[in-house]
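Chemist: Let me give you the structure first, and then I'll get to my questions.
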Amino acid sequence: MQAVAFLLDAVAGFFCALFLLRFMMQAMRVSFAGQLGDFVVRLTNWAVKPLRRVVPGAGGYDWASLLAALALQLLLGAVLIGLAGAPLAADNAVPMVLMFAVRGVVRMAVYILIGALILQAVLSWINPYSPLAAPAHQLTRPLLDPVRRVLPPISGIDLSPLVAILLLQVVLMFL
């Protein structure tokens, strides 16, 4: 059962990350024209397009992508609780699955931001003109700009990604 739970968690985590990345890229106005955008759109259209008929985008956000991530986490939580042998009809099962799903979506969003920060830092040293550099910069800019106002570059070295990663780690501790 552990192997099945692991595989389900890995596949659900991959697609949940893609749904969240699509939501975050659209919310932060990251271009979908490059390889990353095309990859995300092609692997998530199967769920997002039908959901858009029911849940349209509003306020500049792609709510269908966020709902797809949450629904996938809800399904994963229900399946994992079922595999553990806990009855899903119990009084506390529904709130537990909902809490598991919301927590999973928020944790995944934080992990995506941490990964984008690390990617941006590495690419700034190795290849700042990489096709992934612009999307990583656009994705992390709303997080880094407030940190940069408080902590400007010191001797040309930008420590804001390090501070942002530390703050995101603190957020993960509370989750």
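Chemist: With a cut-off of 8 Å between alpha carbons and a minimum separation of six or more residues, what is the relative contact order of the chain in percent?
Modeler: Contact order relative to length: 23 percent.
Chemist: What number comes out for the charge environment of K49, summing +1 per Lys or Arg and -1 per Asp or Glu over other residues with Cβ under 12 Å away?
Modeler: Taking every Cβ under 12 Å from that of K49, the sum is +3.
Chemist: Let me ask something additional. Rounded to a whole number, what is D in µm²/s for the chain from Stokes-Einstein with the Kirkwood radius over alpha-carbon pairs (20 °C, 1.002 mPa s)?
Modeler: 121 µm²/s
Chemist: Among 116-127, 132-143, how do they line up by average Cβ neighbours within 10 Å per residue, starting with the highest?
Modeler: 132-143, 116-127
Chemist: Which of the peptides 149-161, 56-68, 10-22 is most tightly packed, and how do the rest follow, judged by the mean count of other Cβ atoms within 10 Å per residue?
Modeler: Sorting 149-161, 56-68, 10-22 by mean packing, highest first, produces 10-22, 56-68, 149-161.
Chemist: Once you place label points 7 Å from the Cα toward the Cβ at M173 and F39, how far apart are they in nm?
Modeler: Placing both labels 7 Å beyond Cα along the Cβ direction yields 3.2 nm.
Chemist: What is the distance in Å between the Cα centres of region 146-164 and region 9-87?
Modeler: Comparing the Cα centres of region 146-164 and region 9-87, I get a distance of 32 Å.
Chemist: Would you mind counting up the charge near H137? Only other residues with Cβ under 14 Å from its Cβ, with Lys and Arg at +1 and Asp and Glu at -1.
Modeler: +1
Chemist: Where does region 1-45 land on Rg/Rh, using Cα atoms and the Kirkwood Rh?
Modeler: With Rg and the Kirkwood Rh in hand, the quotient comes to 1.14.
Chemist: When all C-alpha to C-alpha distances in region 81-167 are sorted into bins of 5 Å, what percent of pairs does each bin hold, rounded to whole numbers?
Modeler: 3, 13, 18, 17, 12, 8, 7, 8, 8, 5, 3, 1, 0
Computed from the coordinates by the stated procedures, all read-outs in this text should not be read as laboratory data. Just so it is clear, the model here is predicted, and its values are computed rather than measured. Methodologically, a virtual Cβ is constructed for each residue, glycine included, from the backbone with ideal geometry; neighbour enumeration extends over all protein chains shown.
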